[in-house]
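To keep things clear, I will list the structure first and then write my remarks on it.
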Amino acid sequence: MAELLVSAPAKINLHLEVLGLRPDGFHELAMVMQTLDLADQLRLRPTADGRISLSCQRSDLPTDGSNLVVKAAELLKARVGLPELGASIELEKRIPIGAGLAGGSSDGAAALVGLNALWGCGFTREQLLEMAAQLGSDMPFCIDGGTQLCFGRGEVLEPVGLAAPPALGVLLIKHPEASVSTPWAYGRCREQRGDFYLSREADFEQRRQALRQGPLLEALAGQRPLVPLRNDLQGVVEPEVASVREGLALLRQASDALVVAMSGSGPSLFALFADVTGAEAARQQLQPALTAAGFEAWVCRCTSSGATLG
């Protein structure tokens, strides 16, 4: 195989509930995540020199061993036990960096899926998910994508089982200079909400079951109107990050927006609309204000898959 292309889609959080602390120090989470058609692309070529080389058109993105694409490639190579395997990888970044959209995790997931095919490793989906969980909490979801419940630290997946992706339009915005440290956001959440954290597995499971049977999943299946979205990190980030406050205020001015929320730990923000036409109309309506405030904007659709070959 001379060359292989892999799509690495972004995700948004439609629900992010911080349940409590786990024995390993991570937070126990209950989430609904959704992939979008905004995607990075990896171009993979095999080499026989045992080297993993990564290049990217974004000069501000590290391409050394700290990048999840390289980490994923090295893990896969170690697991298959063939040190002579190598690859030249070109990453075209379309997902904004450090945005709470799992761009890095999705790139790493795409590397696992793509190199598994390129090198003919033959690992199963379950084996790839296990490797992904070693590298990052969001990465297993990024392999499968679609609309999924995500528990544990995010690596325990339960497909929602929708017949098709939600037919929603997404207006996504981010200020290119804004950033939010995920550890800081969770630390502030613990400081402000720690007294309300649950500690027993039975209580965790009760909250998971409430999400499984709650109104959000019914709304995503088209059985009822959307309810306001919950993101426990938004409550601690919004008061302290000016670009998040300003962006949310702008999105709330959009005509016909069903809900407005922050994704993950931010700073990306989004509004959901009944369809893509509504999202595009809102972008045109808000474009002067978004441009004046320095925000970038994308209109996206929900998709049913994660890292995809071809």
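Values for this structure:
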item	result
Options Gly25, Gly20, Gly50: the member that is free of Cβ contacts under 8 Å to residues at least 24 places away in the same chain and either in contact with a helix residue (DSSP H, G or I) (Cβ under 8 Å, 6 or more places away or on another chain) or not in a strand (DSSP E or B) (or both)	Gly25
Members of the range 146-162 found to be without any contact (Cβ under 8 Å) to a residue 40 or more places away in the chain and either in a loop (DSSP other than H, G, I, E, B) or closer than 14 Å to Gly104 by Cβ (or both), listed by number	Glu155, Gly161
Single residue of Ile143, Ile173 found to be outside any loop (DSSP other than H, G, I, E, B), under 22 Å from Ser66 (Cα atoms) and open to solvent by less than 50 Å² (accessible area, probe 1.4 Å)	Ile143
Residue in the range 84-107 that is in contact with a helix residue (DSSP H, G or I) (Cβ under 6 Å, 6 or more places away or on another chain), among the charged types (D, E, K, R), in a helix (DSSP H, G or I) and in contact (Cβ under 8 Å) with a residue 40 or more places away in the chain present	yes
Failed condition for Arg190, given (1) open to solvent by 70 Å² or more (accessible area, probe 1.4 Å); (2) farther than 28 Å from Gly103 by Cβ; (3) touching a Phe, Trp or Tyr at 6+ places or on another chain (Cβ under 8 Å)	(2)
Unique residue being touching a Leu at 6+ places or on another chain (Cβ under 8 Å) and surrounded by 18 or more Cβ atoms within 10 Å (Cβ to Cβ) when the list is Gly154, Gly103	Gly154
Those residues of the range 10-38 which are buried (at least 24 other Cβ atoms within 10 Å of the Cβ) and under 17 Å from Asp107 (Cα atoms), in sequence order	Ala10, Lys11, Ile12, Met33, Gln34, Thr35
Filtered residues of the range 68-78 (kept if buried (at least 16 other Cβ atoms within 10 Å of the Cβ) and either more than 16 Å from Ala109 (Cβ to Cβ) or not β-branched (Val, Ile, Thr) (or both))	Leu68, Lys71, Ala72, Ala73, Leu75, Leu76, Lys77
Which listed residue is over 23 Å from Gly146 (Cα atoms) and polar (S, T, N, Q), from Ser55, Ser106, Ser7	Ser55
Inter-residue pairs, beta-carbon under 7 Å, first free of Cβ contacts under 8 Å to residues at least 40 places away in the same chain and in the range 234-259, second of a type in the set (Lys, Arg) and surrounded by fewer than 18 Cβ atoms within 10 Å (Cβ to Cβ), 6+ apart	Glu238/Arg245
Residue within the range 46-67 that is under 17 Å from Lys11 (Cα atoms) and open to solvent by less than 50 Å² (accessible area, probe 1.4 Å) present	no
Residue that is farthest from the chain's Cα centre (by Cα) [pool: residues in the range 212-225 that are among the hydrophobic types (A, V, I, L, M, F, W, C) and modelled with pLDDT of 95 or more]	Ala219
Index of the failed condition, Gly86 passing every other in (1) open to solvent by less than 40 Å² (accessible area, probe 1.4 Å); (2) touching a strand residue (DSSP E or B) at 6+ places or on another chain (Cβ under 7 Å); (3) within 21 Å of Gly266 (Cα to Cα)	(3)
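Yes or no, residue by residue, for (1) out of contact with any strand residue (DSSP E or B) (no Cβ under 9 Å at 6 or more places or on another chain); (2) closer than 23 Å to Leu19 by Cα:
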site: Arg212; (1), (2): no, yes
site: Glu218; (1), (2): yes, yes
site: Gln223; (1), (2): yes, no
site: Asn231; (1), (2): no, yes
site: Pro239; (1), (2): yes, yes
site: Glu246; (1), (2): yes, no
site: Leu251; (1), (2): no, no
site: Leu258; (1), (2): no, no
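The values are calculated or read from the model by the stated rules, or taken from the named source; none is laboratory data. Just so it is clear, the structure is predicted and the values come from calculations on it, not from any experiment. Neighbour counts are summed over all protein chains in view; Cβ atoms, including those assigned to glycine, are modelled from backbone coordinates with ideal geometry. In case anyone asks, the SASA skips ligands and DNA or RNA and just uses the protein heavy atoms, side chains included. Shrake-Rupley method; radii C 1.70, N 1.55, O 1.52, S 1.80 Å.
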